[in-house]
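The values are calculated or read from the model by the stated rules, or taken from the named source; none is laboratory data. All figures in this text were calculated on a predicted structure; none of them were measured in a lab. Cβ placement follows ideal geometry from the backbone for every residue including glycine, while neighbour counts extend to all protein chains displayed.
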């Protein structure tokens, strides 16, 4: 503190600038701010205690009338008081805004458990998405997806696949035959066909796509062929006349049955998880030689249910194995018919039914559910499977 | 083929405790499909014995005849006294030998026997029928045994009631396994045992004295043995063992000569036929049928023969369809007893035929006449031609042994000359096929086990056995080696394909389409592609509509639906209706379905598909010609929807599905295909004539119709029983794929402010909004960023037949903020174009500074 003699002090006293008055005004202002219950009240408090006509503002105006030596002290006092009030106002303002916001949020609260089925979800059919899943496994390995027509020439469906006209295998598959004379002209040569035969069928398997692929492209060939096939079965719980097959064909130099087995093992691991593998059993198909039936270890019980009546497995009927389909090394006669040199190239192929796989992968109990298009069945499968 | 284990043991030395399941497991590994192992006599417990009927008392006063019998069962009841047994059958007499089950025994099916009171008497057991003993489904009363068995003899052993039968599904290449001989051969190999080959018989050399046979068609019949047996006793019956083996193999005993031929067929795999010699006229010939010839076959079928049918004939005409079925005119007579003299009459002289017929000929005849017999099944799949003489000999032996006959010395044998079949195979070939190093020694050993003769070192010359007509190529031999080495021992390796190209654009589009429609709330259905006239009638298609011309099936599942779909709508609408009928849509929801799939459109110029060569690649032109035999098969996409598109709920009102949703689903697909659809009003069945949009795409510079969308015709809705206002869309997805795609050029996104101008244009109601918008776009110039129709309005103040279309035009420049007058000038140009092209009148324009009041 500067200890100057008091004589320099101007005795003119301004009431409003008295320290006790300032302190009083500040205290009142702070009390009013604290007492403001909402933003509206605070606005009024602000006008009364920090506005142009507020005591502190009026006091501030008096400072100019003071002698120069008194200005500093008075200015400081008033400034501090106004600062404190302004600070309090700001704080209170924020407080009240926060309270208001919180109140609004509380008021805006809703019951988020309300259902919202305004636009029911769509879905793709599981047979479609399952096929795609299988495709994707092989596309990732470098295979390509090949397609072919569903109404197919018998040569593609049978002859080129080493199924001769009178081969017993030809009667094994119950074939839908197409009537001749659909169109105007029937000028084609018929090689020993009976009168009226069109030589056209609904394909009974996806194997004709193998033939088309080999005719159109050169080896090495690695293709996967999903598609609809047709047999004259009546629809029941386990049969459908229209079903979905996936066929695989690989033609390259030096392919072996071990490669076939490895490829199958890879597929079932991808679809059913680690530890699932396949076994091959000898079988007969005209278009493969050697041929095999392929089974996979039951992915649910892993064989534990076999011979254990206490732990029956519905998926594999406690057999431990699930039959998948047929496979084998492409018969060299088929390669020959397609112009692929069997001395240089070998191939393997397999085919299986998507419906059957669906039945044991997803516990579909009735084939009809996959056929009838009931949205209750399809919807849960969503976009991918 | 059903193979009883007891019979199998006759040819293979199996370990004593080996069960049917054990044998089945071995055979499955070797590639035979053993479907079931049936346990005969499971749970059966004696005493079950031979009894002699001593006395019969007919009880009266019951609804059916009841007999109270005294039966001698020897010492088997430990008293030696006769058993008193009540019996409901009447096919036996005093003195007959029968099968008696005594109290304490258990019959198959957990049927415990005890002494019990019935029909007022105590019955101490039961006289048994074949069905009760699990011997077959023969319900011809109780079993009457041949007289030679002593009372008290154990009948379980006598009737071979306890056994196991392997039921094997034989694949078409393994015809030899349709015989005990073939299955025994596989069993012997699987167990590393020697086969006792039942075909190894002493057969006398052919001579001139045999029954005369002329084979006129050695291609159809390359082997024919004929033997004659005379002096057969007509009363001779098949012994129990023979009957039991036939029954276990699934055949019904008939008469001794027939049973013997069946037995030998089961044993050796060679189908045989026995002719009643007294009914033959002159010599036998094997030839193709002459035009107009007829034959009544043993099944009673009256057959009109085809010149391709191979027949056995005598001098009066056909007596059998070769390898398929004999004729009634030379049938062995069933033995008959003369009621007056008690003398038996029947066939006493037979000519036995054991032949080999061409598989294709037999298959065709079998298919042509729709006869599938035990013989034809075998010939189609391959019968051992070399076994014919042995089969004839075996038959003769059994006829002599069991029927008291005498074999004539004459032995007829015709054999078309052909040498043994050989295959050359590199000794390393099976290794290369399998991907396993078996080595030459293993390869040779396995081939020998199959029955091959093998010569050579690195290149093997393999002579295949006569019963394996399926072995023709090196890979066939490789399969034999690999299966005997065990498929289960193959290692697991992965090939390394070259880099692939991933999915094609068409495949990607198909997936995107599915995802986009499912994302828009549609559920995919996969419908059967079968349609009929009724489908098109319901859609109200005119008689000459090209969609009525279908690919038609010869053998449809239903005669009502013989065609293949030309549109996806019939199937998809039926599925919609099915869902609706079941209430599958839930409380108040709607149904929205989609399908992608092929439709089949005859070109009208289909040629007949020929049978191309298979011994080498056919020429490109030939392959292309096969394509001409097929219909067009484009992939379509369709949607159908009905009911609420958006449901009502706590959020407010829902919205009904309508024509606009169907059109929008087409745009959804088009967006995925990267094409812009041009939409025009159209009239096209089955759509509502005022609510149908034709959808066009531009392909190769030309506008092409790609499909339709809108609300269905109310008549169609009614005819198909669909929900009101059902809407539908169908597009040629392949066409969209061809028209779309390509690389999307990135838009230039301007950061300068937008200038908006709204205009309301009054046009005739017949003017499509799409045309007005197109005119606005055309006139607005390149400053135009977007046009959006935000209101359609009709009202009195507009005048009759007028509508007002309100558009928001947004203008923006790439390089500057637009001046108000620039935006307005562009707006004016747009309006001027609309006025010129559509006759529009500007009703008002807002948002511009100089906008006049509306």
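Structure above, values below:
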quantity	calculated
Selection count, the range A:120-142, where residues are without any contact (Cβ under 8 Å) to a residue 60 or more places away in the chain, surrounded by fewer than 21 Cβ atoms within 10 Å (Cβ to Cβ) and within 17 Å of the chain's Cα centre (by Cα)	1
Residue selected from the range B:109-137 under the condition touching a helix residue (DSSP H, G or I) at 6+ places or on another chain (Cβ under 7 Å) and surrounded by 14 or more Cβ atoms within 10 Å (Cβ to Cβ), by the criterion modelled with the lowest pLDDT	B:136
Residues of the range A:251-264 satisfying the condition of being within 9 Å of another protein chain (Cβ to nearest Cβ) and either touching a helix residue (DSSP H, G or I) at 6+ places or on another chain (Cβ under 7 Å) or at pLDDT below 95 (or both)	A:256, A:257, A:258
Residue A:138, sole failed condition from (1) at the interface with another protein chain (Cβ under 7 Å from one of its Cβ atoms); (2) touching a strand residue (DSSP E or B) at 6+ places or on another chain (Cβ under 8 Å)	(1)
Condition check for residue B:769: more than 30 Å from residue B:633 (Cα to Cα) and in contact with a helix residue (DSSP H, G or I) (Cβ under 8 Å, 6 or more places away or on another chain)	no
Residue A:170, sole failed condition from (1) under 30 Å from residue A:266 (Cα atoms); (2) free of Cβ contacts under 8 Å to residues at least 40 places away in the same chain	(1)
Criterion (within 25 Å of residue A:165 (Cα to Cα), assigned to a loop (DSSP other than H, G, I, E, B), at pLDDT 90 or above and under 28 Å from the mean Cα position of the chain (by Cα)) met by exactly one of B:372, B:366	B:372
Residue that is in a helix (DSSP H, G or I), touching a strand residue (DSSP E or B) at 6+ places or on another chain (Cβ under 7 Å), at pLDDT 90 or above and surrounded by fewer than 23 Cβ atoms within 10 Å (Cβ to Cβ), where the choices are B:360, B:400	B:400
Check on residue A:240, in a loop (DSSP other than H, G, I, E, B), facing chain B (nearest Cβ under 9 Å), under 34 Å from the mean Cα position of the chain (by Cα) and at pLDDT 90 or above	yes
Strands (runs of 3 or more DSSP E) contained entirely in the range B:1-99, each with at least 1 residues that are touching a strand residue (DSSP E or B) at 6+ places or on another chain (Cβ under 6 Å) and within 22 Å of residue B:483 (Cβ to Cβ)	B:2-4, B:33-40
Number of positions in the range B:460-473 that are surrounded by fewer than 20 Cβ atoms within 10 Å (Cβ to Cβ) and over 19 Å from residue B:182 (Cα atoms)	2
Output for the range A:313-340, where each listed residue is outside any helix (DSSP H, G or I), within 10 Å of chain B (Cβ to nearest Cβ) and within 21 Å of residue B:434 (Cβ to Cβ)	A:328, A:329, A:330, A:331, A:340
Selected residue (criterion: nearest to the other protein chains (Cβ to nearest Cβ)) from residues of the range A:341-374 that are assigned to a loop (DSSP other than H, G, I, E, B) and within 26 Å of residue A:223 (Cα to Cα)	A:342
Selected residue (only one of B:195, B:232 is touching a helix residue (DSSP H, G or I) at 6+ places or on another chain (Cβ under 6 Å), modelled with pLDDT of 90 or more and surrounded by 22 or more Cβ atoms within 10 Å (Cβ to Cβ))	B:232
Subset of the range A:346-360 [surrounded by fewer than 21 Cβ atoms within 10 Å (Cβ to Cβ) and in contact with a helix residue (DSSP H, G or I) (Cβ under 7 Å, 6 or more places away or on another chain)]	A:358
Residue that is within 60 Å of the chain's Cα centre (by Cα), at pLDDT below 90 and within 30 Å of residue B:651 (Cβ to Cβ), where the choices are A:117, A:101	A:117
In the range B:656-675, the residues that are touching a helix residue (DSSP H, G or I) at 6+ places or on another chain (Cβ under 9 Å) and within 13 Å of chain A (Cβ to nearest Cβ)	B:665, B:668
Selected residue (only one of A:377, A:381 is closer than 26 Å to residue B:581 by Cα, within 11 Å of chain B (Cβ to nearest Cβ) and free of Cβ contacts under 8 Å to residues at least 24 places away in the same chain)	A:377
So residue A:310, is it over 30 Å from residue A:125 (Cβ atoms), more than 29 Å from the chain's Cα centre (by Cα) and away from every other protein chain (no Cβ under 13 Å)	yes
Flag for residue B:472 being modelled with pLDDT under 95 and facing chain A (nearest Cβ under 10 Å)	yes
The range B:676-686 - residue that is in contact with a helix residue (DSSP H, G or I) (Cβ under 8 Å, 6 or more places away or on another chain) and part of a strand (DSSP E or B) and, of those, surrounded by the most Cβ atoms within 10 Å (Cβ to Cβ)	B:679
Search result, residues across the range A:265-292 that are within 8 Å of chain B (Cβ to nearest Cβ) and either in a helix (DSSP H, G or I) or within 25 Å of the chain's Cα centre (by Cα) (or both)	A:265, A:266
Selection count, the range B:270-296, where residues are more than 22 Å from residue B:400 (Cβ to Cβ), part of a loop (DSSP other than H, G, I, E, B) and within 36 Å of the chain's Cα centre (by Cα)	5
Residues (in a loop (DSSP other than H, G, I, E, B) and either surrounded by fewer than 23 Cβ atoms within 10 Å (Cβ to Cβ) or at pLDDT 95 or above (or both)) located in the range B:160-192	B:160, B:161, B:162, B:170, B:171, B:172, B:178, B:179, B:191, B:192
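One line per residue, one yes/no per condition, for (1) in a helix (DSSP H, G or I); (2) touching a strand residue (DSSP E or B) at 6+ places or on another chain (Cβ under 7 Å); (3) more than 9 Å from chain A (Cβ to nearest Cβ); (4) free of Cβ contacts under 8 Å to residues at least 24 places away in the same chain:
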site	(1), (2), (3), (4)
B:560	no, no, yes, no
B:575	yes, yes, no, no
B:589	no, yes, no, no
B:597	no, yes, no, no
B:605	no, no, no, yes
B:612	no, no, no, yes
B:615	no, no, no, yes
B:626	yes, yes, no, yes
B:630	no, yes, no, no
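Quick grid of which residues meet (1) assigned to a helix (DSSP H, G or I); (2) over 30 Å from residue B:40 (Cα atoms):
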site	(1), (2)
B:201	no, yes
B:204	no, yes
B:210	no, yes
B:219	no, yes
B:222	no, yes
B:227	no, yes
B:233	no, yes
B:241	yes, no
B:250	no, no
